[in-house]
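Below: the structure, in structure tokens.
The values are calculated or read from the model by the stated rules, or taken from the named source; none is laboratory data. Remember, it's a predicted structure, so these values are computed and weren't measured experimentally. Please note: Cβ atoms are built from the backbone with ideal geometry, for glycine as well, and neighbour counts cover all protein chains shown. Heads up: the accessible areas ignore ligands, DNA and RNA and are worked out on the full protein's heavy atoms, side chains in. Shrake-Rupley method; radii C 1.70, N 1.55, O 1.52, S 1.80 Å.
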Amino acid sequence: MGDEHLRLGSLQHGSRATRLRSLGGVVLMGARALAAILLVVLVWWALVAVLRPPRYVFPSPLDVAEAYASQGAMLLRNAGITALEILLGLGVGVSAGVLTALVVAATPLARRLVLPVVVATQALPVFAIAPLLVVWLGYGIASKVAMAALIIYFPVATAYAEAMTRVDPRLLDLARLAGAGRFGLLWRIRAPGGLPGLAAGVKVAATVAPIGAVVGEWVGASAGLGFVMVNANARSQTGTVFAALFLLALLALGTRALADRLVERLLWRDG
């Protein structure tokens, strides 16, 4: 009984220490990010003070702060719309990429037939596809989600498919000796063995996800940060453009952090 209590106490202490280390890492990361932001702002302010460019060409940090002060509610509302488009696009793109990777990894024939189509989707310029998506799906959120999903789809599909085809052949041989068939190998060996590749693909996808949403908003939208930037640029409100860009950068960082967290949980559970 005493040994049981000691073991339980040791586990609780280890869990608490792990949480503290994790919290310390988050605090350290935040401090580094804040220091980097302050350094960028100082360099930016110095450049504006020395070069004195016109405000409509290159605004000062004060101009951007004024844009936040006067249009903060509008900017946050449109940032929320863009964030929703990014998250939905990430969900759709990752799901489609995983499904495609499983199909590609299932048989060599599927790999030869499907993979060229996947590669072809990335050969088309996004600015050529975006107007078609707006025509097909309208000016609402659907075309922006589709644009984001299309950009996300390729890194997820290719990274996961490649990882599944490079699983240790000795594991496949052991599974075959145990009587596993083609689909048994896929579900029991290839799919779990390819999770590190899927993790890498999701991280890349989370980084590029905002590009698809904003490109869709640039082409045709009635809301979102891309819509704000297009309208502000037409009015030479460069401070507002910079303010929207910074919010978009924060969304990209947040999306990447969320993807990192989800990937860690996925791999930990698999382990």
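Being of a type in the set (A, V, I, L, M), farther than 30 Å from V64 by Cβ and over 24 Å from the mean Cα position of the chain (by Cα), is that true of even one residue in region 154-164?
no
Pairs needed: first member in region 238-263, aliphatic (A, V, I, L, M); second member anywhere, open to solvent by 20 Å² or more (accessible area, probe 1.4 Å); C-beta distance under 7 Å; at least 6 residues apart or different chains.
V241/N233; A243/Y68; L251/A83; A252/T207; A259/V202; A259/K203; V263/V202; V263/K203
So if I check each of A105, A83, which one is closer than 22 Å to A146 by Cβ, open to solvent by less than 40 Å² (accessible area, probe 1.4 Å) and touching a Ser or Thr at 6+ places or on another chain (Cβ under 9 Å)?
Details: A105 fails: closer than 22 Å to A146 by Cβ.
The unique qualifying residue is A83.
Return the pair list, or none, for Cβ contacts closer than 9 Å from residues in region 96-107 that are without any contact (Cβ under 8 Å) to a residue 12 or more places away in the chain to residues that are outside any loop (DSSP other than H, G, I, E, B), at least 6 apart or on different chains.
Filtered contacts from region 96-107: L99/A157; V103/A110; V103/R111; V103/V114; V103/A161.
Need pairs with beta-carbon distance below 9 Å; first residue farther than 11 Å from G212 by Cβ and within region 123-137, second in a helix (DSSP H, G or I) and β-branched (V, I, T); sequence gap 6+ or separate chains.
Cβ pairs passing all conditions: F127/V215; F127/V219; P131/V219; V134/V219; L137/V145.
Looking at A123, is it at pLDDT 90 or above and surrounded by fewer than 13 Cβ atoms within 10 Å (Cβ to Cβ)? Even if it seems obvious, please write down each step before you answer.
Working: at pLDDT 90 or above: no; surrounded by fewer than 13 Cβ atoms within 10 Å (Cβ to Cβ): yes.
Here the answer is no, as A123 does not meet what is asked.
Please determine, by comparing only the residues of region 56-102 that are touching a Phe, Trp or Tyr at 6+ places or on another chain (Cβ under 7 Å) and of a type in the set (S, T, N, Q), which one is nearest to K203 (Cα to Cα).
Among those residues, the one meeting the criterion is N78.
Could you list, in sequence order, the residues of region 165-193 that are among the acidic types (D, E) and under 32 Å from the mean Cα position of the chain (by Cα)?
Once the filter is applied, which keeps residues that are among the acidic types (D, E) and under 32 Å from the mean Cα position of the chain (by Cα), region 165-193 yields only D168.
Residues are listed down the side, and each one gets a yes or a no for (1) open to solvent by less than 60 Å² (accessible area, probe 1.4 Å); (2) in a helix (DSSP H, G or I); (3) out of contact with any strand residue (DSSP E or B) (no Cβ under 9 Å at 6 or more places or on another chain); (4) modelled with pLDDT under 90:
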residue	(1), (2), (3), (4)
G25	yes, yes, yes, yes
R32	no, yes, yes, yes
A36	yes, yes, yes, yes
Y56	no, no, yes, yes
E66	no, yes, yes, no
